[in-house]
Amino acid sequence: MDGTLVDTIDDLADSVNEMLAHFNLPQHSTEILQSYFGEGARKMLERALPIEKISDTVFFENALEIYNQCYAKNITNKTKPYAGIMDLLTELQNKKIPLGICTNKQNFAAQIIAEKILSPIKFKKVFGDEKNKPRKPNPARALEIAASFGVKNFEVAYFGDTTIDMQTALNAGFLPIGVTWGFRSVEELKLSGAEIIINYPTEIFNFVEFI
């Protein structure tokens, strides 16, 4: 979702910095924060908070709660689909290709964005980060989505913009497709196993036939 379907970085960065300001802690630039996202809110906090705060369990959980409150308030302020994404999703939907989202983003946020920002596209499954559920690059939830499609693993194209995404695709036996408009570099995507690299969403139709 983040860095692939929708440009969420400004709302994410604003929310992190609001949380840090709440505790009178140093804030970060959007460029720095961009490298912190992709593995869920907890991992992001481990990178954004001062080292001495990370081991304080009570403080950490409080900071996570404040961050979630900030993000719930900011979630659709600046977030928007990347250029060409709605064209891609619309064409796939018109072809009756089932669509799903598997993200390490908080589940409540993933659901809101799918419903409000990516409407009228209908996704068969939207799985975000939930307590006691495996997170990417564990492929379990991505495989659950594939099972709901009624297709074999090798018949699934998995789009993403990070190493975590490429690892998830490889772990699940999907076709790993790296996108260059997201949070990570082309070099990182290639090194992490992307078989196809695209620079614009609908460019994928030059490489993959969707049946």
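Quick look at the values:
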{"item": "Cβ-derived FRET efficiency at R0 25 Å, Lys122 paired with Glu144, nearest 0.05", "result": "0.90"}
{"item": "Label-to-label distance, nm, for residues given as Tyr200 and Glu46 (7 Å Cα→Cβ offset)", "result": "3.9 nm"}
{"item": "Of Gly193, Ala172, Phe183, farthest towards positive along the dipole that unit charges on Lys, Arg, Asp, Glu beta carbons give the range 110-193", "result": "Ala172"}
{"item": "Additional length obtainable on full extension of the chain from Ile211 to Val151, 0.36 nm per residue less Cα span", "result": "20.5 nm"}
{"item": "Dipole moment magnitude, nearest 20 debye, the chain about Cα centre, only Lys, Arg, Asp, Glu C-beta charged", "result": "660 debye"}
{"item": "Glu31 paired with Thr76, simple spin-label distance in nm, labels 7 Å along Cα-to-beta-carbon", "result": "3.3 nm"}
{"item": "Gyration tensor verdict on the chain (Cα atoms; rounded if a/c is under 1.5, prolate if a/b is larger than b/c, oblate otherwise)", "result": "prolate"}
{"item": "Probe 1.4 Å - accessible area at Met86, Å² to nearest ten", "result": "50 Å²"}
{"item": "Accessible surface, 1.4 Å probe, highest first, among residues Phe23, Phe207, Phe154", "result": "Phe154, Phe207, Phe23"}
{"item": "With all protein chains modelled, accessible area of Thr103 [1.4 Å, Å²]", "result": "10 Å²"}
{"item": "Test item: Cα-centred dipole of the range 113-211, Lys/Arg +1 and Asp/Glu -1 on Cβ, debye", "result": "440 debye"}
{"item": "Shape of the range 75-135, Cα gyration tensor, a/c cut at 1.5", "result": "oblate"}
{"item": "Overall Cα dimensions of the range 101-211 - principal axes, largest extent first, Å", "result": "32, 30, 29"}
{"item": "Filtered trypsin sites (Lys or Arg not before Pro), the range 60-106: DSSP coil and at most 11 other beta carbons within 10 Å", "result": "Lys95, Lys96"}
{"item": "Dipole magnitude of the range 49-172 about its Cα centre (Cβ charges: Lys, Arg +1; Asp, Glu -1), debye to nearest 20", "result": "420 debye"}
{"item": "Sum of -39500 (n - 2.57) over DSSP H runs of 4+, divided by residues of the chain (222 nm, nearest 500)", "result": "-13000 deg cm²/dmol"}
{"item": "Computed accessible area, Phe159, all protein chains, 1.4 angstrom probe, square angstrom", "result": "50 Å²"}
{"item": "Listed residues His22, His28 arranged by accessible area, highest first, probe 1.4 Å", "result": "His22, His28"}
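The values are calculated or read from the model by the stated rules, or taken from the named source; none is laboratory data. Nothing here was measured: the structure is a model prediction, and the numbers come from that model. Because the Cβ atoms are built from the backbone with ideal geometry, glycine has one as well, and the counts that use them run over all protein chains shown. Accessible surface is based on the protein model in full, side chains and every heavy atom, while ligands, DNA and RNA are left aside. Shrake-Rupley method; radii C 1.70, N 1.55, O 1.52, S 1.80 Å.
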